[in-house]
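Asks: Here it is, the structure in full.
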2 protein chains.
Amino acid sequence: MTLDATLARVDADLEPALDRLMTLLRIPSISTDPAFAKDCQAAADHLVGVLEELGITAKAHPTPGHPMVVGHSDGPGPHLLFYGHYDVQPVDPIDLWHRDPFDPAIEDTAKGQVIRGRGAADDKGQLMTFLEALRAIKAETGTLPCKLTVLFEGEEESGSPSLVPFMKAHAEELQADIAVICDTGLYGHDTPAIITMLRGLLGEELTITGPKLDLHSGMYGGIAMNPARVLVDILSNLHDDNGTVQVPGFYENIPEVPEDVQAQWDALGFDPSAFLGDVGLSIPAGEQDRTPLQMIWSRPTAEINGMTSGYTGDGFKTVLPSIASAKVSFRMVAGQDPDAIRIAFRDWVRAQLPADCTVEFKSHGASPASSMDLNHPVFDAARRGLSEEWPNPAAFVGAGGSIPIAGYFQDILDLQSLLVGFSRADDGLHSPNEKYDVESFHKGTRSWVRILDEIAKM
Amino acid sequence: MTLDATLARVDADLEPALDRLMTLLRIPSISTDPAFAKDCQAAADHLVGVLEELGITAKAHPTPGHPMVVGHSDGPGPHLLFYGHYDVQPVDPIDLWHRDPFDPAIEDTAKGQVIRGRGAADDKGQLMTFLEALRAIKAETGTLPCKLTVLFEGEEESGSPSLVPFMKAHAEELQADIAVICDTGLYGHDTPAIITMLRGLLGEELTITGPKLDLHSGMYGGIAMNPARVLVDILSNLHDDNGTVQVPGFYENIPEVPEDVQAQWDALGFDPSAFLGDVGLSIPAGEQDRTPLQMIWSRPTAEINGMTSGYTGDGFKTVLPSIASAKVSFRMVAGQDPDAIRIAFRDWVRAQLPADCTVEFKSHGASPASSMDLNHPVFDAARRGLSEEWPNPAAFVGAGGSIPIAGYFQDILDLQSLLVGFSRADDGLHSPNEKYDVESFHKGTRSWVRILDEIAKM
């Protein structure tokens with residue numbers, strides 16, 4: 001494969017490539033609304049056709065929900081499993097769109113040309129960057145650059161109910177060396193990113209009972225134990241003044257960010273004031289001896305997500321509540337065992353419970369953190385490819401939340417994921433007037449050409 | 001007035017007295033249900049007739065709600081304003097009654113004879129003890145024992161909407177030396193009580209705002225200030241480990257219980273285990289250097305009555321809430337200025353607020369505590385009278401909650417209240433199968449004869 005010639009072909013082919021994307025965008029494949037089931041089928045069938053054009057044997061597998069498109073082609077080098085999703089979010093509130101969401105167009109804006117339409121960025125535009133890269137390579141070299149399995153899902157925007165059963169049933173067919181996922185964003189306007197750490201999640205609900213019924217605060221106020229007071233006392237101990245979580249063992253076995261990755265993070269010039277300013281805050285509120293990016297990427301958290309006790313309607317009731325409850329979640333990082341943390345948390349709560357109170361716990365699930373093994377050469381290959389294409393070098397970054405598909409690849413197929421995408425913060429995913437920059441599409445396609453070129457050299 | 005002869009007349013007249021009560025109990029004067037408006041009028045008219053029989057000039061004054069019965073009679077000695085209410089609670093759930101609530105009867109029970117029926121204890125049976133005492137005195141002596149004004153309300157069980165306007169409009173007509181209220185209970189089975197301290201109430205709602213919108217805990221968890229965490233931190237400081245409220249100045253100017261009153265309290269043999277055991281608790285949770293009775297009668301409190309933040313429905317949402325709020329109330333005692341406490345509380349909250357949060361307060365009203373001036377001779381007169389009648393001496397006690405009518409007498413008419421009643425803890429006020437012990441009615445009537453005898457001697 002001759003890299004420069006292939007990139008030149010991508011440039012020359014931009015207009016027809018955009019036209020091909022438009023064809024996919026015109027299909028209103030809203031997965032959550034049964035009225036659009038036929039359109040989801042149509043989008044799946046369309047993608048089967050695109051894959052077949054590229055020489056990839058493909059099929060739309062029926063599921064209890066929308067079809068799962070799976071394609072295979074043989075080839076040299078490492079075996080990639082490429083994932084994207086062809087379904088899109090609903091378009092409500094439709095009044096806020098300035099054009100028909102399924103009549104996409106290229107629009108000129110103050111910030112450059114954009115592809116406007118539902119799914120332009122999430123995820124049709126992104127998955128097409130990979131397919132357009134394959135198309136250019138095939139056109140230039142006559143073959144695909146490596147052994148490929150492709151998986152396109154049609155239920156990502158509606159909770160992926162068929163995904164896990166399908167992956168389990170087709171585990172053998174989906175085996176590969178590494179998964180490649182194109183459903184994420186650039187770090188900054190000109191800075192590509194590869195997500196190599198994803199935090200996990202542990203959800204707990206605790207309910208503290210004091211008196212066996214709600215009491216009148218005149219009759220019992222001052223002598224009866226108030227479970228709301230117990231709850232705030234316990235939860236106030238969740239963090240110390242430094243923002244450090246006080247559950248014993250919480251930070252055990254958590255690795256420090258590798259020095260080279262830390263150096264990449266430092267070079268990103270993350271501006272916490274801007275990040276927090278968007279939501280009306282100004283001061284990083286996490287562990288005070290950690291950098292802001294560590295707070296959201298590499299350090300675990302404990303947060304109160306919900307809390308209720310007593311009377312919460314309008315006006316006032318002089319009730320001493322019988323119960324007080326809270327939903328608490330922990331964002332987990334590599335090294336933490338969710339089950340151990342759950343036990344430690346419950347023990348820590350129980351140890352603080354006054355004699356007259358009881359506590360009940362309810363689990364709201366747990367998923368461990370994912371941390372990619374950066375020794376796998378695909379990560380450096382991708383970083384080199386991306387860094388060549390974009391003004392700023394690519395960085396290995398973290399994701400504060402989980403990306404379920406990466407977890408499924410890890411858990412079910414034992415696959416690490418290369419998470420690369422070209423969406424920008426202002427793309428309006430899930431919102432009216434969703435767009436994808438023409439630059440994201442064009443340089444995204446070029447990025448994949450470069451990444452695949454690097455992977456071929458591995 | 002010859003005391004013994006009058007008491008003997010009360011004894012001899014018990015059966016007709018009970019019959020007279022039954023007549024009143026048969027009137028279904030449910031004030032909250034408009035369907036019973038005619039019955040409320042009938043109860044008022046009936047009481048006007050009873051008062052006229054006693055030589056008290058009486059009238060049922062119309063109000064926007066149910067009538068207010070006012071009666072006057074001249075006489076020697078101090079001028080008493082006697083208050084009771086002729087309306088009753090609804091009877092739901094009717095299935096749980098073992099007889100028609102408005103077909104009252106004397107029933108024999110394991111604990112003695114009871115008057116069964118809605119309103120038997122609350123408040124028709126109680127107000128009739130006073131009227132029957134007047135009847136016996138009049139029959140024996142030919143005159144009433146003192147100058148009297150009578151006020152019977154018909155909206156006590158439905159929030160007393162007409163009471164304050166009526167009292168203000170008729171302030172002159174209602175002037176007296178002291179108010180006498182018969183709508184409370186015995187302290188114990190054989191121990192009469194005079195309530196001389198009523199706690200006041202201050203209601204506050206605080207709403208803490210952190211980020212300007214709910215955030216995703218994956219993206220912002222660990223770096224964004226969580227207002228639920230701020231709220232629990234602040235509220236956890238409301239009490240120290242000793243149960244002492246930490247708002248500055250909270251305990252300033254609070255008098256200690258007078259020694260003689262404290263001695264009465266000590267003699268009551270209050271059993272906190274039994275009191276708390278009824279509601280599933282065992283340990284007095286207030287100021288640890290105070291007695292349990294002080295905790296509920298003479299010491300102020302701070303309680304969380306309601307609290308909410310974030311997601312409180314079923315399941316889990318990984319939201320970082322934008323706001324967290326709580327309803328907090330303070331039971332106030334004599335010496336405390338509700339307005340000063342409100343300001344101190346708000347200042348105390350604000351002083352703990354982190355830089356990135358704001359707080360808003362909403363007032364839910366304030367009523368000061370009432371504390372009777374025990375130098376007024378009516379209190380000792382009543383205590384002597386009660387102590388003669390009952391097996392155990394009467395005690396000056398506190399009431400943990402407010403009794404609105406006593407507050408209105410104080411605020412609007414500048415009157416102290418003598419609060420005496422004969423209800424027992426198992427009377428089932430507001431519940432199905434409400435009863436009033438025949439003993440309560442009989443000894444209650446005798447108690448008023450004795451109290452009025454003592455007052456006449458003042």
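The values are calculated or read from the model by the stated rules, or taken from the named source; none is laboratory data. Keep in mind it's a predicted model, so treat the numbers as computed, not measured. Glycine gets a Cβ as well: all are built from the backbone with ideal geometry, and neighbour counts include every protein chain shown. Note: accessible area is taken over every heavy atom of the protein model, side chains too, but ligands, DNA and RNA are not part of it. Shrake-Rupley method; radii C 1.70, N 1.55, O 1.52, S 1.80 Å.
Asks: Out of residues 5 or more away from B:ASP437 or on other chains, whose amide H comes under 5 Å of its own, with H placed 1.01 Å from N in the peptide plane?
Replies: Those qualifying (amide H under 5 Å, at least 5 residues apart or on another chain) are B:ILE115, B:ARG424.
Asks: While we're looking at this one, here's another question. Shortest first, in nm, what separates the label point of A:ASP347 from those of the same position in the other copies (7 Å along Cα→Cβ)?
Replies: 4.6
Asks: Averaged across B:230-243, how many Cβ atoms of other chains sit within 10 Å of each residue's Cβ atom?
Replies: 4
Asks: Checking the cross-link filter: which lysines have an alpha carbon closer than 24 Å to that of B:LYS59, excluding same-chain neighbours under 8 positions apart?
Replies: B:LYS38, B:LYS124, B:LYS138, B:LYS147, B:LYS168
Asks: On to the next question. Report the accessible surface area buried between chains B and A, summing both sides, using a 1.4 Å probe on protein heavy atoms only, in Å² rounded to the nearest 100.
Replies: 5700 Å²
Asks: Is the shape of region A:1-122 best called rounded, prolate or oblate, per the rule: a/c under 1.5 gives rounded, else a/b larger than b/c gives prolate, else oblate, with a ≥ b ≥ c the square roots of the Cα gyration tensor eigenvalues?
Replies: oblate
Asks: Right, next: Looking at the square roots a ≥ b ≥ c of the eigenvalues of the Cα gyration tensor of region A:279-342, which shape do they give, rounded for a/c under 1.5, prolate if a/b is larger than b/c, or oblate?
Replies: It comes out oblate by the Cα gyration axes.
Asks: What net charge is computed for the residues neighbouring A:SER162, neighbours being all others with C-beta under 12 Å from the C-beta of A:SER162, Lys and Arg scored +1, Asp and Glu -1?
Replies: -3
Asks: Report the charge-dipole magnitude of region B:41-104 in Debye, nearest 20, computed about the Cα centre from +1 at each Lys and Arg Cβ and -1 at each Asp and Glu Cβ.
Replies: 240 debye
Asks: Also: Nearest 10 degrees is fine. How inclined is helix A:377-389 to the longest principal axis of chain A, computing both from alpha carbons?
Replies: Once rounded, the angle reads 70 degrees.
Asks: Then there's this: For the Cα atoms of chain B, what angle does the longest principal axis make with the long axis of helix B:438-456, in degrees from 0 to 90, nearest 10?
Replies: Value to nearest ten degrees: 80.
Asks: List, by residue number, every residue in region A:348-395 with a reduction of 30 Å² or greater in accessible area between the chain on its own and the complete protein assembly, 1.4 Å probe.
Replies: Flagged in region A:348-395: A:ASP356, A:HIS364.
Asks: Moving on to the next point. Roughly how big is region B:323-403's charge dipole about its Cα centre, with Cβ charges of +1 (Lys, Arg) and -1 (Asp, Glu), in debye to the nearest 20?
Replies: 240 debye
Asks: Given contacts defined as C-alpha pairs under 8 Å and at least six residues apart, what's the relative contact order of region A:292-337, whole-number percent?
Replies: 47 percent
Asks: I would also like to ask the following. Give me the percent of the accessible area of the protein assembly as shown that comes from carbon and sulfur atoms, probe 1.4 Å, all protein chains in place.
Replies: 50 percent
Asks: May I ask for the longest run of chain A untouched by trypsin sites (Lys or Arg not before Pro) that are loop-located per DSSP and have at most 15 neighbouring C-beta atoms (other than their own) within 10 Å?
Replies: By the stated rule (loop sites, at most 15 other Cβ atoms within 10 Å), A:213-456.
Asks: I've got another one for you. Taking H as built 1.01 Å from N, whose amide H comes closer than 5 Å to the amide H of A:ALA193, not counting residues under 5 places away?
Replies: A:TYR187, A:ALA395, A:GLY421
Asks: What ranking of B:PHE345, B:PHE361 comes out by heavy-atom accessible area, probe 1.4 Å, highest first?
Replies: B:PHE361, B:PHE345
Asks: Any chance you could check the Cα centroid distance between region A:134-196 and region A:11-40 for me, in angstrom?
Replies: When both Cα centres are located, 17 Å separates them.
Asks: Hey, what number do you get for the protein assembly as shown at 222 nm if only DSSP H runs of n ≥ 4 count, each worth -39500 (n - 2.57), divided across all residues, to the nearest 500?
Replies: Mean residue ellipticity, 222 nm, calculated: -10500 deg cm²/dmol.
Asks: Then there is this: Quick check: pseudo-label points 7 Å beyond the Cα along Cα→Cβ at A:PHE361 and B:LYS457, how many nm apart are they?
Replies: So the label points at A:PHE361 and B:LYS457 sit 6.8 nm apart.
Asks: With a probe of 1.4 Å, find how much accessible area chain B has per residue, and write the answer as a whole number in Å².
Replies: 38 Å²
Asks: Moving on. For every other residue with a beta carbon closer than 15 angstrom to the beta carbon of B:LYS212, add +1 if it is Lys or Arg and -1 if Asp or Glu, then tell me the sum.
Replies: That sum, taken over residues with Cβ under 15 Å, equals -4.
Asks: Kindly give the distances from B:PRO432 to its copy-mates, label point to label point, with each label point 7 Å from Cα along Cα→Cβ, as nm values to one decimal ordered shortest first.
Replies: Its label point is 5.5 nm from the equivalent points in the other copies.
Asks: Which angle between 0 and 90 degrees, to the nearest 10, do you get for helix A:37-53 versus the longest principal axis of chain A when only C-alpha atoms count?
Replies: Computed tilt is about 40 degrees.
Asks: What residue among A:PRO321, B:HIS216, A:LEU18 has its Cα farthest toward the positive end of the dipole of the protein assembly as shown, where the charges are +1 on Lys, Arg and -1 on Asp, Glu, each on the Cβ?
Replies: Of A:PRO321, B:HIS216, A:LEU18, it is A:LEU18.
Asks: Return the average number of partner chain Cβ atoms within 10 angstrom of each residue Cβ along peptide A:320-332.
Replies: Average neighbour count from other chains, rounded to a whole number: 4.
Asks: So how far, in whole Å, is the C-alpha centre of region B:398-427 from the one of region A:252-300?
Replies: What the calculation gives is 61 Å, centre to centre.
Asks: Quick one: compute the contact order of region B:1-131, relative version, from alpha carbon pairs under 8 angstrom and 6+ residues apart, as a percent.
Replies: 24 percent
Asks: Just how large is the dipole of chain A about the Cα centre, in debye to the nearest 20, putting +1 at every Lys and Arg Cβ and -1 at every Asp and Glu Cβ?
Replies: That gives a dipole near 680 debye.
Asks: Same structure, new question: May I ask which residue of A:LEU127, B:ALA406, A:LEU231 lies farthest towards the positive end of the charge dipole of the protein assembly as shown, with charges of +1 (Lys, Arg) and -1 (Asp, Glu) on Cβ and the Cα centre as origin?
Replies: About the Cα centre, the residue reaching furthest to the positive side is A:LEU127.
Asks: Just which residues of region B:201-218 lose 30 Å² or more accessible area with every protein chain there, against their chain alone, with the probe set to 1.4 Å?
Replies: Residues shielded by partner chains are B:LYS212, B:SER217, B:GLY218.
Asks: Counting alpha carbon pairs within less than 8 Å and at least 6 residues apart, what relative contact order, in whole percent, applies to region A:214-351?
Replies: For region A:214-351, the relative contact order is 37 percent.
Asks: Which residues in region A:45-67 have a backbone N closer than 17 Å to a point placed 7 Å from the Cα of A:GLU172 along the Cα-to-Cβ line?
Replies: none
Asks: Then there's this: From the Cα gyration tensor of region A:399-458, with a ≥ b ≥ c the square roots of its eigenvalues, which class applies: rounded if a/c is under 1.5, or else prolate if a/b is larger than b/c, or else oblate?
Replies: Cα axes put region A:399-458 in the oblate bin.
Asks: Mind listing the label-point distances from A:GLY335 to the same position on all other copies, shortest first, one decimal in nm, points 7 Å along Cα→Cβ?
Replies: Going from nearest to farthest copy, the values are 5.5 nm.
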